[in-house]
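Notes for the one structure printed next.
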Amino acid sequence: MTLFIDAAPGEAFHLSGLEPGFDPLHGIPTAALGEECDRLLAVGHLADRAALAITSAYHRRTLGELIVPGRELNDLIAFGTHRVHVRAVRAQLGDDCPWYVDDASPSHPAAQAATVIHCEWLEREEIKPASAFPACTRISRSTRFGPGDAGWASYHRCRHCAHQWLPPVAAIHPDLPRALRRPRAATHVLETPSCTRSA
């Protein structure tokens, strides 16, 4: 089968995981799909545990977010993970994306096993430094942007008593450059987002 580097524009090729846009997450070649990067494409049919691991790693490393445990996460395997067959096609010159994937029948000669994970509806929270709620002294690392006593802001939320409070700001010096005022998780930027037409 033809590889990406040897494929002509419009020609099908074999996904190896080394194409632009792929990132090895837990050793599994994974690419974000769509304009909003709301789906993940992994080469091969993944076990449930591997699908959860790459979804978590993508959110932590690439987006700097944590997935909030809950019903949406419980439903990820049953409703958001699809083991399919795709056909990869090199894009035409001048296209925004270097390659595309189309749905394919398993019997198609260019079909390849893949796992597509729809993760756009997962509840996420930005990785933040921990802060203690003064009333119950529980520690919270999670923050959510929303309305509260101080208007719309990023609030810590206690998982035990559900109270919200603003993160401490005393440690943030106003003379620091804006990029250094908020601690950020280490992120890994993918070279080029890939596109799909139907997967």
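The values are calculated or read from the model by the stated rules, or taken from the named source; none is laboratory data. All values derive from a computational prediction rather than experimental measurement. Because the Cβ atoms are built from the backbone with ideal geometry, glycine has one as well, and the counts that use them run over all protein chains shown.
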Of the residues in segment 140-157 that are more than 20 Å from G64 (Cα to Cα) and surrounded by 10 or more Cβ atoms within 10 Å (Cβ to Cβ), the one that is modelled with the highest pLDDT is P147
Practice item. Kindly establish whether H160 is at pLDDT 50 or above, not basic (K, R) and not in a strand (DSSP E or B). Key: yes
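Go through segment 27-49 and count every residue that is modelled with pLDDT of 90 or more and either of a type in the set (F, W, Y) or surrounded by fewer than 18 Cβ atoms within 10 Å (Cβ to Cβ) (or both).
Residues flagged as modelled with pLDDT of 90 or more and either of a type in the set (F, W, Y) or surrounded by fewer than 18 Cβ atoms within 10 Å (Cβ to Cβ) (or both) within segment 27-49 amount to 6.
Outside any loop (DSSP other than H, G, I, E, B), within 20 Å of D103 (Cα to Cα) and under 18 Å from the mean Cα position of the chain (by Cα): does that describe T30?
On the way: outside any loop (DSSP other than H, G, I, E, B): yes; within 20 Å of D103 (Cα to Cα): yes; under 18 Å from the mean Cα position of the chain (by Cα): yes.
In short, yes.
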Q) Does L3 fit the bill of being hydrophobic (A, V, I, L, M, F, W, C) and in contact with a Cys (Cβ under 7 Å, 6 or more places away or on another chain)? A) no
Here the residues within segment 1-21 that are touching a residue at least 12 places away in the same chain (Cβ under 8 Å) and not in a loop (DSSP other than H, G, I, E, B) are F4, A12, F13
Residues of segment 59-74 being β-branched (V, I, T) and either assigned to a loop (DSSP other than H, G, I, E, B) or assigned by TED's automatic domain parsing to the domain that holds S154 (or both), in sequence order, are V68
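Going residue by residue through segment 97-112, is there one that turns out to be in a strand (DSSP E or B), surrounded by 13 or more Cβ atoms within 10 Å (Cβ to Cβ), among the acidic types (D, E) and modelled with pLDDT of 85 or more? Full working, then the answer.
Initially, segment 97-112 is screened for residues in a strand (DSSP E or B), giving 99-103, 112.
Right, trim to surrounded by 13 or more Cβ atoms within 10 Å (Cβ to Cβ) and you get 99-103, 112.
The next check asks that each one be among the acidic types (D, E); those that pass are 102-103.
Okay, now just the ones that are also modelled with pLDDT of 85 or more, so 102-103.
Yes, there is a match, as at least one residue in segment 97-112 is in a strand (DSSP E or B), surrounded by 13 or more Cβ atoms within 10 Å (Cβ to Cβ), among the acidic types (D, E) and modelled with pLDDT of 85 or more.
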